[in-house]
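Input: a single structure, listed below in structure tokens.
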Amino acid sequence: MRIEVIPVTGLPEIVEGDDLAELISSHTELRDGDVVVVAQKIVSKSEGRIVEIDPEHPREERAKAVVQETARVVARRGDIVISQTHHGFVCANAGVDASNVPPDRLALLPMDPDGSAERLRAALARNIGVVISDTFGRAWRIGQTNVALGVAGIQAVRDHRGEKDSFGMELEATIIAIADEIAGAAELVMGKSDGIPVAIVRGLEGISGEDSARALIRPPEEDLFAVAGVDVVELRRSVRAFDERPVPDEVVARAAEAAATAPAPHGSRGARPWRFVWLKTSRARPPFLAALREMWRSDLRTDGMSDETISR
């Protein structure tokens, strides 16, 4: 199999109402089996998903747009918010983007990227696939890569579970994100600064299908990293804000005094079943935490829990 990735050059600046199918058709010759990869930004522009902001207060305006586009905050660090959009995508700042738009504008993700891909495929009137792509960062790895936000006419994923590898072992977890791989290949000739928002991936075989990009979204019950640890604490309503400054000793002392006046836990029979230990040196913390862990395990064993359950 020989694969070609072909940039579509010469496209004009896209504005609301532009016919992307007509523009693409007039700037390239499509063949049956091609996959047309279209940058999300020009889809958003053509569909009017560009919002005007006050250029005097860009950070505040962007923050408001991020809140509106966010269904759930996953993590936060400084001005960067990792959020889940209303589509289900997890990305930086809910996909709100200020690149490749005027200084007084922000680009939002398309309302329905799968619908956008399907409409574009129908308008191009060929036996082709369409991928709406955007650039996402990746947990645990440096750099960004193109991923599929919308899919039409191709498989989004290929499930190899249950098949045998070359040694006869059954595959248990191999699901290939075909649409993301196609989007990543197209990015090699598109590029954020090259002004090429469309590419054709030609020569792929056996990928036709009726998937949507939703097939690429991991279900919440399978997500091991749904919320970052620090954000679990910040989501408590009693917490107002956090910063990196050390807490003054007198504040810690006042907090301990206030906690000491709280009602004793159930079963304490009037006695105080706890005490405050203030570990001021790093050398003291590991043995203390180890002892605390063993006491906790012992307490759970007393409640009838098995070591296996406690370890989980």
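The values are calculated or read from the model by the stated rules, or taken from the named source; none is laboratory data. Everything quoted here is computed from the prediction, not taken from an experiment. Cβ placement follows ideal geometry from the backbone for every residue including glycine, while neighbour counts extend to all protein chains displayed.
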- Any pair with Cβ under 9 angstrom, 6 or more apart, that starts in region 240-257 at a residue that is loosely packed, with under 10 Cβ neighbours inside 10 Å and ends at one that is modelled with pLDDT of 80 or more and part of a helix (DSSP H, G or I): VAL247/ALA255
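Condition (residue is of a type outside the set (A, V, I, L, M, F, W, C), within 26 Å of LEU20 (Cα to Cα), under 23 Å from the mean Cα position of the chain (by Cα) and in the same structural domain as GLU22 (by TED's automatic domain parsing)) applied to region 161-176: is it met by at least one residue?
The initial filter retains those residues of region 161-176 that are of a type outside the set (A, V, I, L, M, F, W, C), namely 161-166, 168, 170, 172, 174.
Filter once more, so that each one left must be within 26 Å of LEU20 (Cα to Cα): none.
No; the residues of region 161-176 include none that is of a type outside the set (A, V, I, L, M, F, W, C), within 26 Å of LEU20 (Cα to Cα), under 23 Å from the mean Cα position of the chain (by Cα) and in the same structural domain as GLU22 (by TED's automatic domain parsing).
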- Query: Of the numbered conditions (1) under 25 Å from SER208 (Cβ atoms); (2) more than 23 Å from the chain's Cα centre (by Cα); (3) at pLDDT 95 or above, MET1 satisfies every one except a single condition; which is it?
  - Reply: (3)
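Could you please let me know if LEU109 is touching a helix residue (DSSP H, G or I) at 6+ places or on another chain (Cβ under 8 Å) and either part of a helix (DSSP H, G or I) or among the basic types (Lys, Arg) (or both)? Even if it seems obvious, please write down each step before you answer.
Details: touching a helix residue (DSSP H, G or I) at 6+ places or on another chain (Cβ under 8 Å): yes; either part of a helix (DSSP H, G or I) or among the basic types (Lys, Arg) (or both): no.
For LEU109, the condition - touching a helix residue (DSSP H, G or I) at 6+ places or on another chain (Cβ under 8 Å) and either part of a helix (DSSP H, G or I) or among the basic types (Lys, Arg) (or both) - is not met.
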- Item | Flag if LEU11 is out of contact with any strand residue (DSSP E or B) (no Cβ under 6 Å at 6 or more places or on another chain), closer than 22 Å to SER99 by Cα, of a type in the set (A, V, I, L, M) and surrounded by 20 or more Cβ atoms within 10 Å (Cβ to Cβ) | no
- Item | Hits in region 69-88 (condition: in contact (Cβ under 8 Å) with a residue 24 or more places away in the chain and not basic (Lys, Arg)) | GLU69, THR70, VAL73, VAL74, ALA75, ILE82, THR85, HIS87, GLY88
- Item | Test result for ILE53, without any contact (Cβ under 8 Å) to a residue 60 or more places away in the chain, β-branched (Val, Ile, Thr) and touching a strand residue (DSSP E or B) at 6+ places or on another chain (Cβ under 7 Å) | yes
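Picking from ILE182, ILE217, ILE200, which residue would you name as being closer than 29 Å to SER99 by Cα, at pLDDT 95 or above and within 24 Å of the chain's Cα centre (by Cα)?
ILE182
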- Task: Go through GLU56, GLU47, GLU118, GLU69 for me and flag whichever is of a type outside the set (S, T, N, Q), more than 20 Å from LEU224 (Cα to Cα) and at pLDDT below 90.
- Result: GLU56
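Among the residues of region 210-224, write down those that are part of a loop (DSSP other than H, G, I, E, B) and surrounded by 12 or more Cβ atoms within 10 Å (Cβ to Cβ). Walk me through how you get there before you give the answer.
The initial filter retains those residues of region 210-224 that are part of a loop (DSSP other than H, G, I, E, B), namely 210-212, 217-219, 223-224.
Hits for region 210-224 are ASP211, SER212, ILE217, ARG218, ASP223.
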- Could you tell me which residue of region 4-31 is nearest to GLY129 (Cα to Cα), considering only residues that are assigned to a helix (DSSP H, G or I) and polar (S, T, N, Q)? SER25
- Query: Limited to region 96-106, what total is found for residues that are under 20 Å from the mean Cα position of the chain (by Cα) and either touching a residue at least 40 places away in the same chain (Cβ under 8 Å) or in a strand (DSSP E or B) (or both)?
  - Reply: 4
